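**Student:** Just dropping this structure here.
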Amino acid sequence: MNTDQLLIVIAISAYIMSTLALFTYFLSRERLPKLIGIPFAFLGCGVQFFELAYRYATSHIWPLTNLYGSLSLFAAMSVAIFIGFALKYDLWFIGGFVLALSASFLAYALTWNEGYLPAVPALQSYWIKVHVPLVVSSYAAFMVAMVTSLLYLIKYYGERSIAARFSPRGSLQTAAAGAPGLGTLSSAGYAEPARRMVGGDMPELAEAAAAGDRFALWLSTMPSLAKLDIMTYRIVAVGLPLLTVGIITGAWWAKEAWGAYWQWDPKETAALVSWTIYALYMHLHTRNSWRGLRSAWLSVLGFASIMFCYLGVNIWISGLHSYKM
């Protein structure tokens, strides 16, 4: 096993350890698994970036010229973006999902490791050092946003299932109608039903938790739906500018390499579709009726389009950006 392979093994092992610890923290909310998982997340991310730098230093070939290097950077940037938001907003509870996906993508990247091969002529440009990192970093941000969206959906539908069991009793539903602090969340910009509390959770959730319902107790430890929605919005707000600049620099690179800024190549078209979905997300999120559930589903749809653009087009569809043999 050479140094490059050893670094990858260390990174994947660190991601697996962090995944197990942070998943345990997600399910139990005990402090110890969190304290174990965080250092492993830092270790795996740091080793990955070091491995990419090591490949470049030893081969003098830019490591992002193939799908292996691109996926490796995608995994590392996903963890890096997650760590950045977790440090600022205490989002460590989503780490198990992010680290599991990152480890999976890094393991899949190994199947595309072609060694130290020089880039084809079209890729031998300074633009590759600008365009690819920008686009891959945007994909990473959208992946983290997809995770927070999925957790929003888990909590939303979990609350509905609890409300369906507790609402027929009528006690809390009646009290909610006249209780202070209920109604439209004007301060947060959320037009929620009268039954939803200012914190963003249904009152039935508190009743079920007080009654000892384990699922309700667990859901209560998650941030409110409003907070999860805002977190997704802020992460997408990082990814969309990166994708925008990435598409622009890609057009400049295409002009230099192929003689035209835009050729409606499958990759270009798919990237434009993904950009449109996330631009719609940012626009529609300004409307009260689109915040929350609709935005969460739109974020999930957007990441599905990103995966098609990133892997589906590159692997299965012939074009200027294809990795098909």
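**Student:** Quick check: is even one residue across region 283-303 at pLDDT 85 or above, surrounded by 15 or more Cβ atoms within 10 Å (Cβ to Cβ), of a type in the set (Gly, Ala, Ser) and within 23 Å of residue 164 (Cα to Cα)?
**Tutor:** Checking region 283-303: at least one residue is at pLDDT 85 or above, surrounded by 15 or more Cβ atoms within 10 Å (Cβ to Cβ), of a type in the set (Gly, Ala, Ser) and within 23 Å of residue 164 (Cα to Cα).
**Student:** Report yes if residue 325 is at pLDDT below 90 and surrounded by fewer than 18 Cβ atoms within 10 Å (Cβ to Cβ), otherwise no.
**Tutor:** Working: at pLDDT below 90: yes; surrounded by fewer than 18 Cβ atoms within 10 Å (Cβ to Cβ): yes.
When the stated conditions are applied, residue 325 passes them.
**Student:** Residue by residue through region 281-298, note down the ones that are in contact with a helix residue (DSSP H, G or I) (Cβ under 7 Å, 6 or more places away or on another chain), assigned to a helix (DSSP H, G or I) and in contact (Cβ under 8 Å) with a residue 12 or more places away in the chain. Spell out how you get there, then give the answer.
**Tutor:** Initial filter on region 281-298 (in contact with a helix residue (DSSP H, G or I) (Cβ under 7 Å, 6 or more places away or on another chain)): 281-282, 284-285, 290-293, 295-296, 298.
Now narrow it down to the ones that are assigned to a helix (DSSP H, G or I): 281-282, 284, 290, 293, 295-296, 298.
Those that are in contact with a helix residue (DSSP H, G or I) (Cβ under 7 Å, 6 or more places away or on another chain), assigned to a helix (DSSP H, G or I) and in contact (Cβ under 8 Å) with a residue 12 or more places away in the chain: 281, 282, 284, 293, 295, 296, 298.
**Student:** State whether the residues of region 93-102 include one that is open to solvent by 10 Å² or more (accessible area, probe 1.4 Å) and of a type in the set (Val, Ile, Thr).
**Tutor:** Within region 93-102, none of the residues are open to solvent by 10 Å² or more (accessible area, probe 1.4 Å) and of a type in the set (Val, Ile, Thr).
**Student:** Identify the single condition in (1) open to solvent by 50 Å² or more (accessible area, probe 1.4 Å); (2) hydrophobic (A, V, I, L, M, F, W, C); (3) assigned to a loop (DSSP other than H, G, I, E, B) that residue 245 does not satisfy, given that it satisfies every other one.
**Tutor:** So residue 245 meets the others, but not (3).
**Student:** Does residue 226 satisfy the condition of being of a type outside the set (D, E, K, R), farther than 30 Å from residue 161 by Cα and open to solvent by less than 40 Å² (accessible area, probe 1.4 Å)?
**Tutor:** Details: of a type outside the set (D, E, K, R): yes; farther than 30 Å from residue 161 by Cα: no; open to solvent by less than 40 Å² (accessible area, probe 1.4 Å): yes.
No: the conditions fail for residue 226.
**Student:** Now for a different question. Looking at region 33-65, which of the residues that are modelled with pLDDT under 95 and among the aliphatic types (A, V, I, L, M) is surrounded by the most Cβ atoms within 10 Å (Cβ to Cβ)?
**Tutor:** Looking at the filtered set, the residue picked out is 64.
**Student:** Filter region 22-45 down to the residues that are hydrophobic (A, V, I, L, M, F, W, C) and without any contact (Cβ under 8 Å) to a residue 60 or more places away in the chain and list them by number.
**Tutor:** 32, 35, 36, 38, 40, 41, 42, 43, 45, listed by residue number.
**Student:** Which one of the conditions (1) closer than 28 Å to residue 228 by Cβ; (2) in contact with a Pro (Cβ under 6 Å, 6 or more places away or on another chain) does residue 71 fail to meet, given that it meets all the rest?
**Tutor:** For residue 71, the failing item is (2).
**Student:** Take region 66-76 and flag every residue that is open to solvent by 10 Å² or more (accessible area, probe 1.4 Å) and under 11 Å from residue 115 (Cα atoms).
**Tutor:** Passing the criteria: only 66.
**Student:** Taking only pairs six or more apart or across chains, which ones have beta-carbon atoms under 8 Å, a first residue in region 84-105 that is in a loop (DSSP other than H, G, I, E, B), and a second residue that is not small (Gly, Ala, Ser)?
**Tutor:** Filtered contacts from region 84-105: 91/82; 91/85; 91/148; 91/231.
**Student:** Can you report the number of residues in region 3-32 which are open to solvent by 70 Å² or more (accessible area, probe 1.4 Å) and closer than 30 Å to residue 56 by Cα?
**Tutor:** Within region 3-32, residues that are open to solvent by 70 Å² or more (accessible area, probe 1.4 Å) and closer than 30 Å to residue 56 by Cα number 4.
**Student:** Right, here's the next one. Return the only residue of 204, 159 being closer than 19 Å to residue 295 by Cα, modelled with pLDDT of 50 or more and open to solvent by less than 50 Å² (accessible area, probe 1.4 Å). Reasoning before the result, please.
**Tutor:** On the way: 204 fails: closer than 19 Å to residue 295 by Cα.
Checking each option against the conditions leaves just 159.
**Student:** Additional query: Tally the residues that are crowded, with 17+ Cβ neighbours inside 10 Å and of a type outside the set (A, V, I, L, M, F, W, C), restricting the search to region 250-270.
**Tutor:** 5
**Student:** For region 129-136, state whether one or more residues are of a type in the set (A, V, I, L, M), open to solvent by 10 Å² or more (accessible area, probe 1.4 Å), more than 19 Å from the chain's Cα centre (by Cα) and under 18 Å from residue 11 (Cβ atoms).
**Tutor:** Taking region 129-136 as the starting set, the residues that turn out to be of a type in the set (A, V, I, L, M) are 130, 132, 134-136.
From what is left, the residues that are open to solvent by 10 Å² or more (accessible area, probe 1.4 Å) are 130, 132, 134-135.
Of the ones still in play, those that are also more than 19 Å from the chain's Cα centre (by Cα) are 130.
Of the ones still in play, those that are also under 18 Å from residue 11 (Cβ atoms) are none.
The answer is no, given that none of the residues of region 129-136 is of a type in the set (A, V, I, L, M), open to solvent by 10 Å² or more (accessible area, probe 1.4 Å), more than 19 Å from the chain's Cα centre (by Cα) and under 18 Å from residue 11 (Cβ atoms).
The values are calculated or read from the model by the stated rules, or taken from the named source; none is laboratory data. No experiment lies behind these values; they were computed from the predicted model shown. Backbone-built Cβ (ideal geometry, glycine too); neighbour counts: all protein chains shown. Heavy atoms of the whole protein, side chains included, go into the accessibility calculation; ligands, DNA and RNA do not. Shrake-Rupley method; radii C 1.70, N 1.55, O 1.52, S 1.80 Å.
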